[in-house]
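Read through the structure below, which is laid out as structure tokens, and then see the notes.
The values are calculated or read from the model by the stated rules, or taken from the named source; none is laboratory data. Since the model is a prediction, treat every value here as computed from it, not as a measurement. Reconstructed Cβ throughout: ideal geometry from the backbone, glycine too, with neighbour counts over all protein chains shown.
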Amino acid sequence: MSNEQRNVARTTVPTRESRLNTITAYVGSGNEIAGKARGGCLLQQDRRFSQAAACAEMMPLCNSALIDGNVVIAHSPAGCSGMLILIGMVGRAGRLMRGLPEKNVQGISTNLDERDVVYGGAEELEKAILEADARYSPPAITIITSCASGIIGDDVDSIVRSLQPRVKAALIPIQCEGFRSGVVSTGYDAFLSALLGVIDPPKRKRKDTLLLINPLSISRPNEVEIERLLGELGLKAQWFPLFTDFKNVRNAAETAGVASLCSLMSNYFFKQFQEKFGVPYVDPPMPVGLEFTDWWLRQVGKMLGIEEKVEKLIESEHARVRPQIEELRSQLQGKRAYVGFNLEKSLSLQSLLTELGIETVVSTGFEYSDDYGLDRLENLNSRCGGNFTLHIGNFQHFEWAHLFNREKPDMLVGGLELGGAALRQGVPVAPVLPGTFYIGYDGAVNYGREIVKALRNTSYSRNLAQRVKLPYRASWFRQKTHKYIGRSES
């Protein structure tokens, strides 16, 4: 399919609030939220105070920058493209892990200013597209909209249609204005849905190849573990769409099926991909720890009709790693953890912590939806008792601080988002960073050892807490965590 023949349809996706009734404000027990979800009475609650929030525009901007050869155009004021600096660092590290030549992300900002907001930014976008094509000769250019371009009302799709015959690159508009949705993962939907427009109809089917959506937070060591497990089943992995050649985006529909390492990211794309190309999908939890990795493999096996092979693999892997898990459990039994990521990752890591004998006192998610939360949550409730606190909030630092103060956990199992907050309150961190190996069976053992190492010396967090003054009054810690969620209490 030539670039000129591409039909650039309207690229706006439904928000997760409207499509999945996703909520972004809740504090309660695991049992409580699961019960309300089953009863159909889990509703979005307004916040009377919000300290911060991530933006849905951030997800397409950061992820599309890591498609090999792609150029990102941020149709926005200059500040919106600031995340590309951090993603440039992540991208260089990710390329190094994969044996790819060192390369910076390629990005251009239209740098919208006050004049553009009044008179429109179409001319600036046209210049940016032509400049990106001439400067980089890329296979693809993604155009990321912003709050500013959305307020202006620039018709990005029409601009793309008019310019596509004049450029060699495939133009991929992504409508992701931050004000459209309070759920940051709506940006994932916009990003992956836009890529459907450049995937070619399959010329053949590779029955031994599984298409795997690789989130930004899954580093190469974790991919290697999945490749090892699939190799035992006679399967190959085709990673999509990060750190891969653009031709692997084009031929994605040739694969036998599709799965993800984080269904939070790919929930909407799976259904669209199956409807357009007939490729089956499964949507299990992240393969973290023994039980959730078993769950992931069994769903893949059922989709591809290789259930017996999967059961044999699970049996052999358990025989190999369970003694190591039990040894780690003897060292970690009774420890208490706060888990802080998006909900899919938090619940998956909580499953591993349960296997290691660690009690989770708080699990944090930036959002909750039954589609990728309820079955995981009910599984953990049955194994853990369901009395842990489930905190749903889009980067609400003051609530994190309140929960750290209230629960006083032995550790945070978290990453860049909550790590600093935990250390300032004297809580040591067992980090899960972009380079951390924690996926699959070998990843479970590796991360268990990382936790033991993190708890061996906690002087850094203790010393830091003694020297840092928190920006919260003591009276805040005497309130309820959910004080500013829903109606005011009398």
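Would you mind stating whether Val310 is outside any helix (DSSP H, G or I), at pLDDT 95 or above and not hydroxyl-bearing (Ser, Thr, Tyr)?
Numbers: outside any helix (DSSP H, G or I): no; at pLDDT 95 or above: yes; not hydroxyl-bearing (Ser, Thr, Tyr): yes.
When the stated conditions are applied, Val310 does not pass them.
Among the residues making up the range 240-264, those that are touching a Lys or Arg at 6+ places or on another chain (Cβ under 9 Å) and free of Cβ contacts under 8 Å to residues at least 60 places away in the same chain are Asn251, Ala253, Glu254, Thr255, Ala256.
For the range 433-457, give me the residue count where each residue is in a loop (DSSP other than H, G, I, E, B) and among the hydroxyl-bearing types (Ser, Thr, Tyr).
To start, the set of residues in the range 433-457 that are in a loop (DSSP other than H, G, I, E, B) comprises 433-439, 457.
Now restrict to residues that are among the hydroxyl-bearing types (Ser, Thr, Tyr): 436, 438.
Residues that pass the stated criteria total 2.
Scan the range 322-330 and tell me whether some residue there is of a type in the set (Asp, Glu), over 26 Å from Ile485 (Cβ atoms) and either surrounded by fewer than 23 Cβ atoms within 10 Å (Cβ to Cβ) or free of Cβ contacts under 8 Å to residues at least 60 places away in the same chain (or both). Working first, answer last.
Residues of the range 322-330 that are of a type in the set (Asp, Glu), as a first pass: 326-327.
Retained after the next criterion (residues that are over 26 Å from Ile485 (Cβ atoms)): 326-327.
Narrowing the set further to residues that are either surrounded by fewer than 23 Cβ atoms within 10 Å (Cβ to Cβ) or free of Cβ contacts under 8 Å to residues at least 60 places away in the same chain (or both) leaves 326-327.
Yes, the conditions are met somewhere in the range 322-330.
Looking at the range 74-112, which of the residues that are more than 22 Å from Pro139 (Cα to Cα) and in contact (Cβ under 8 Å) with a residue 40 or more places away in the chain is farthest from the chain's Cα centre (by Cα)? Applying the filter and picking the extreme gives Leu112. The condition (being touching a helix residue (DSSP H, G or I) at 6+ places or on another chain (Cβ under 7 Å) and outside the structural domain of Ala128 (by TED's automatic domain parsing)) is satisfied by just one residue among Leu171, Leu163, Leu196: Leu196.
So, in the range 248-265, of the ones that are over 17 Å from Val198 (Cβ atoms) and surrounded by 20 or more Cβ atoms within 10 Å (Cβ to Cβ), which residue ends up modelled with the highest pLDDT?
Taking the range 248-265 and keeping what is over 17 Å from Val198 (Cβ atoms), we get 256-257, 259-265.
Filter again for surrounded by 20 or more Cβ atoms within 10 Å (Cβ to Cβ), leaving 259-265.
Numbers: Ala259: 97, Ser260: 94, Leu261: 93, Cys262: 91, Ser263: 87, Leu264: 89, Met265: 89.
So the residue we want is Ala259.
Total residues in the range 268-316 satisfying the condition of being surrounded by 15 or more Cβ atoms within 10 Å (Cβ to Cβ) and either more than 25 Å from the chain's Cα centre (by Cα) or of a type in the set (Asp, Glu) (or both): the figure is 9.
Step by step: first the residues of the range 323-355, then only those that are part of a loop (DSSP other than H, G, I, E, B) and under 18 Å from the mean Cα position of the chain (by Cα), then the one that is nearest to Met265 (Cα to Cα). Which residue is that?
Going through the range 323-355, the residues part of a loop (DSSP other than H, G, I, E, B) turn out to be 333-335, 341-342.
If we keep only those that are under 18 Å from the mean Cα position of the chain (by Cα) as well, we get 341-342.
Details: Phe341: 13, Asn342: 10 Å.
Within the range 323-355, the match that is nearest to Met265 (Cα to Cα) is Asn342.
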